[in-house]
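One structure coming up, written as structure tokens, with questions to follow.
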Amino acid sequence: MALHAPVLVLKDSLKRESGTKVHHANIQAAKAVADIIRTTLGPRSMLKMLLDAAGGIVVTNDGNCILRELDLAHPAAKSMIELSRTQDEEVGDGTTSVIVLAGEMLHVAQAFIDKNYHPTVICRAYTKALDDALSVLDKIAIPVDVDDRVAMLGLVKSSIGTKFTGQFGDLIADLAIDATTTAGVDLGQGIREVDIKKYIKVEKVPGGQLEDSKVLKGVMINKDVVAPGKMRRKIVNPRIILLDCPLEYKKGENQTNAELMKEEDWQVMLQMEEEYIENLCAQILKFKPDLVITEKGLSDLAVHYLGKAGVSAIRRLRKTDNNRIAKACGAVIVNRPEELQESDVGTGAGLFEVKKFGDEFFAFIVDCKDPKACTVLLRGASKDVLNEVERNLQDAMSVARNIWKNPKLLPGGGATELTVSATLKQKSSSVEGVEKWPYEAAALAFEAIPRTLLQNCGLNVIRTMTQLQGKHANGENAWVGIDGSSGDIVDMKERKIWDSYSVKAQTFKTAIEAACMLLRIDDIVSGIKKKQAPGASSAPKQPQIEQEGDADNEQMIPE
């Protein structure tokens with residue numbers, strides 16, 4: 001019987017790897033990803049320069065940004081990238097630490113897999129370690145007063161200290177705190193919600209210096225008034241009306257044919273159109289606005305009527321911008337001019353002004369009384385610089401937002417990780433059974449963060465780590481860590497190097513859960529869908545872009 005031909009269950013084109021081989025491959029892949037980003041952790045971090053698919057250049061050290069631009073083949077590496085993305089969406093900072101930590105967790109697990117430990121045992125130990133680590137965090141966290149600006153500045157600063165704009169220190173931190181304070185909404189019970197995406201717009205205008213960047217008490221839009229010669233470009237205390245409807249004659253839904261018998265009827269039709277528009281404008285002008293903004297079109301005639309009444313108009317505004325203006329000046333966006341009420345008119349703005357930056361016009365609606373939305377205006381020497389500053393600002397705003405949500409602090413500079421590591425080492429002696437060793441290894445893995453910080457400052461890693469471990473040995477002086485720029489061992493409280501609690505907690509959770517997930521994979525079946533022509537190797541194809549010429553080649557629907 002044994003001489004029969006082997007049974008083929010999988011198709012020829014499918015590749016299947018299983019067992020420890022897969023674990024090793026996954027761990028290697030995850031470590032490779034971690035090594036790419038490792039150098040971007042800490043204040044002495046390096047920048048990465050990436051060429052993206054379109055040939056543009058990205059210069060950054062934002063972990064998430066680097067990974068987003070990378071095109072990876074290995075499935076395990078791809079899931080590592082997802083990690084930093086979740087981290088970015090969830091808390092906005094700590095994207096680099098997550099990957100470094102997860103890579104380290106997998107690295108220490110490798111020894112156990114070689115000794116034929118079962119992955120689930122390792123995972124169990126890891127989850128146990130995670131629970132204990134989080135309880136340690138709760139223990140050493142200190143509450144922070146959100147209204148204490150100095151403390152907030154220190155916090156946000158330590159989060160951007162590792163970024164390119166670290167050298168402009170207070171500037172970005174100031175911008176971030178101003179912006180989030182402006183756009184924050186109190187939900188009661190001391191909880192504040194800040195919607196960064198919706199109500200904080202970052203406008204990058206090349207030119208000028210970084211020092212010219214500021215948070216506007218209001219909104220800036222990249223538009224000019226419709227008829228620059230006739231309409232006022234500067235209005236103090238404007239009354240603003242926001243519309244969501246076109247101020248032009250309504251055309252029929254589909255093609256409308258009107259047959260006219262007499263020539264006079266043509267005049268009548270034109271007059272009807274004119275009267276319709278005049279009515280629309282009259283309904284708006286009833287409220288004596290100074291500025292009318294619509295998301296849709298404005299016909300020439302409407303421009304004329306509005307201009308005659310001394311009203312400035314802006315047309316075809318993005319919906320998101322319109323929402324921001326509404327939040328800033330207290331107006332309500334109206335869908336039909338007939339339904340306008342006095343309460344819909346925004347009177348909160350102090351100044352409407354059109355200014356010219358470079359060769360573009362920007363409309364400012366600023367000096368608002370109690371704006372719930374704002375625009376951050378970034379100036380800088382070049383586009384690359386601006387993009388990087390914007391990314392850093394996003395991180396800084398997220399940190400500020402996290403503190404509003406959960407006002408607790410942890411020590412930065414690797415101190416938190418060392419404390420967690422020391423406490424877990426102590427606890428590991430009380431862990432029963434086989435899980436003890438992986439648990440201890442997880443404790444060691446937390447040291448990856450301070451170790452990386454030391455490597456990036458170029459210090460004697462082993463000596464310094466031993467000193468630090470000695471200081472943290474019994475889980476005491478939780479606040480001793482590394483000053484990333486000088487590499488000295490200092491008290492984090494004095495140096496004001498802080499981390500926000502929600503970022504750290506999220507980092508630990510994401511890293512360990514991801515490590516468990518990758519360890520649990522014991523089989524990779526990769527199917528190559530199409531039989532490739534022998535000439536076509538696995539080189540990635542360039543994405544094909546439809547030229548205008550090709551667009552017509554598709555089958556047309558017969559009339």
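The values are calculated or read from the model by the stated rules, or taken from the named source; none is laboratory data. Computed from a predicted structure; not experimentally measured. Backbone-built Cβ (ideal geometry, glycine too); neighbour counts: all protein chains shown. Each accessible area value is taken on the protein alone, full model and side chains, heavy atoms only, with ligands, DNA and RNA left out. Shrake-Rupley method; radii C 1.70, N 1.55, O 1.52, S 1.80 Å.
Using r as the Cβ-Cβ distance of LYS262 and LYS234, and R0 as 41 Å, what FRET efficiency do you calculate, to the nearest 0.05?
Once the sixth-power term is evaluated, E becomes 0.25.
In degrees from 0 to 90, rounded to the nearest 10, what is the angle of the helix 20-38 Cα long axis to the longest principal axis of the chain?
For 20-38 against the chain, the angle is about 60 degrees.
Let me check something: with ligands and nucleic acids excluded, how do MET517, MET465 order by accessible area (1.4 Å probe), largest to smallest?
Order by accessible area, largest first: MET517, MET465.
Starting from the eigenvalues of the Cα gyration tensor, five times each then square-rooted, give me the equivalent ellipsoid semi-axes of the range 127-280, largest first, whole Å.
Value: 55, 23, 16 Å, ordered largest first.
Same structure again: Please report the accessible area of ASP384 (heavy atoms, 1.4 Å probe, ligands and nucleic acids excluded) in Å², nearest 10.
So the heavy atoms of ASP384 present about 70 Å² to solvent.
Ignoring ligands, DNA and RNA, how do PHE361, PHE352 rank by accessible area with a 1.4 Å probe, largest first?
Ranked from most to least accessible, the order is PHE361, PHE352.
Only Lys, Arg, Asp and Glu count, each charged at its Cβ (+1, +1, -1, -1), so figure out the dipole size of the chain about its Cα centre, rounded to 20 debye.
Dipole of the chain, to the nearest 20 debye: 1520 debye.
Here is a further query. What is the local net charge at THR120, summed over the other residues whose Cβ is closer than 12 Å to its Cβ (Lys, Arg +1; Asp, Glu -1)?
0
Angle, helix 436-445 long axis vs. longest principal axis of the chain, Cα atoms, 0 to 90°, nearest 10?
Computed tilt is about 50 degrees.
Which FRET efficiency, nearest 0.05, do ASP170 and HIS74 yield, Cβ-Cβ r, R0 51 Å?
Efficiency at R0 = 51 Å is approximately 0.75.
Another question about this same structure. Gain in length, ASN116 to GLN467, computed as 0.36 nm per residue apart minus the alpha-carbon separation, to one decimal in nm?
Residue separation times 0.36 nm, minus the Cα-Cα distance, leaves 122.9 nm.
First compute the accessible area of the range 173-302 with a 1.4 Å probe, then give the percent of it belonging to carbon and sulfur atoms.
The value for the range 173-302 is 50 percent carbon and sulfur by accessible area.
Now, a different point. Using a 1.4 angstrom probe and counting only protein chains, how large is the accessible area of SER13 in Å², to 10?
30
Per residue, what accessible area does the chain have, given a 1.4 Å probe and all protein chains present, in Å²?
Result: 51 Å² of accessible area for each residue.
Per the helix-only calculation at 222 nm, which mean residue ellipticity applies to the chain, given -39500 (n - 2.57) for every DSSP H run of n ≥ 4 and division by its residues, nearest 500 deg cm²/dmol?
Using -39500 (n - 2.57) per qualifying helix, the result is -14500 deg cm²/dmol.
Kirkwood Rh, the range 304-430, all Cα pairs: how many Å?
After inverting the mean inverse Cα-Cα distance, the result is 19.6 Å.
Another question, if that's okay. Report the full-extension gain for the segment GLN255 to ASN222: residue separation times 0.36 nm, less the Cα-Cα distance, to one decimal in nm.
Stretched fully, the GLN255-ASN222 segment lengthens by 8.4 nm.
Sticking with this one: In whole Å, what three semi-axes, largest first, describe the equivalent ellipsoid of the range 1-105 built from its Cα gyration tensor (square root of 5 times each eigenvalue)?
Over the Cα atoms of the range 1-105, the ellipsoid semi-axes are 36, 16, 11 Å.
To continue, here is another question. Give the lysines whose C-alpha is closer than 19 Å to that of LYS197, dropping any in the same chain fewer than 8 places away, or say none.
Once the sequence-local lysines are set aside, what remains near LYS197 is LYS214, LYS217, LYS319, LYS327, LYS372, LYS405.
Now for a separate question. Please compute the modelled spin-label separation between SER526 and LEU134, points set 7 Å along Cα→Cβ, answer in nm with one decimal.
Rounded to a tenth, the inter-label distance reads 3.5 nm.
Okay, moving on. Once ligands and nucleic acids are excluded and a 1.4 Å probe is used, how much of PHE357 is accessible, expressed in Å² to the nearest 10?
For PHE357, the solvent-accessible surface is approximately 40 Å².
Of all beta bridges DSSP finds with both residues in the range 272-415, what is the antiparallel percent, to the nearest 5?
Taking every DSSP beta bridge within the range 272-415, about 70 percent pair in antiparallel fashion.
Starting from the 7 Å offset along Cα-to-Cβ, what nm value, one decimal, do you get for the label separation of LYS355 and LEU50?
Each label point lies 7 Å from its Cα, and together they span 3.4 nm.
Moving on. Go through the cysteines of the chain and tell me which have no other cysteine Cβ under 4.7 Å away.
CYS65, CYS245, CYS281, CYS329, CYS368, CYS374, CYS457
Considering only protein heavy atoms and a 1.4 Å probe, what is the carbon-and-sulfur percentage of the accessible area of the range 346-420?
Within the range 346-420, the accessible surface is 46 percent carbon and sulfur.
Moving on. Which value, in Å to one decimal place, does the Kirkwood hydrodynamic radius take for the chain when every pair of different Cα atoms is included?
Mean inverse Cα-Cα distance, inverted, gives 27.7 Å.
Which FRET efficiency value, to the nearest 0.05, do you get for ASP12 and LYS436 by plugging their Cβ-Cβ distance into 1/(1 + (r/R0)^6) with R0 = 60 Å?
Approximately 0.85, to the nearest 0.05.
Follow-up. For the chain, with the dipole built from +1 on Lys and Arg beta-carbon atoms and -1 on Asp and Glu ones, taken about the Cα centre, which of ALA478, ILE241, VAL525 lies farthest toward the positive end?
The residue sitting farthest along the positive end of the dipole is ALA478.
So how far apart, in nm, are the two label points at ASN460 and ASN335 if each is 7 Å from Cα heading toward Cβ?
About 7.3 nm, to one decimal.
Specify the inter-centroid distance of the range 453-501 and the range 426-440, based on alpha-carbon positions, in whole Å.
Each part reduced to its Cα centre gives a spacing of 26 Å.
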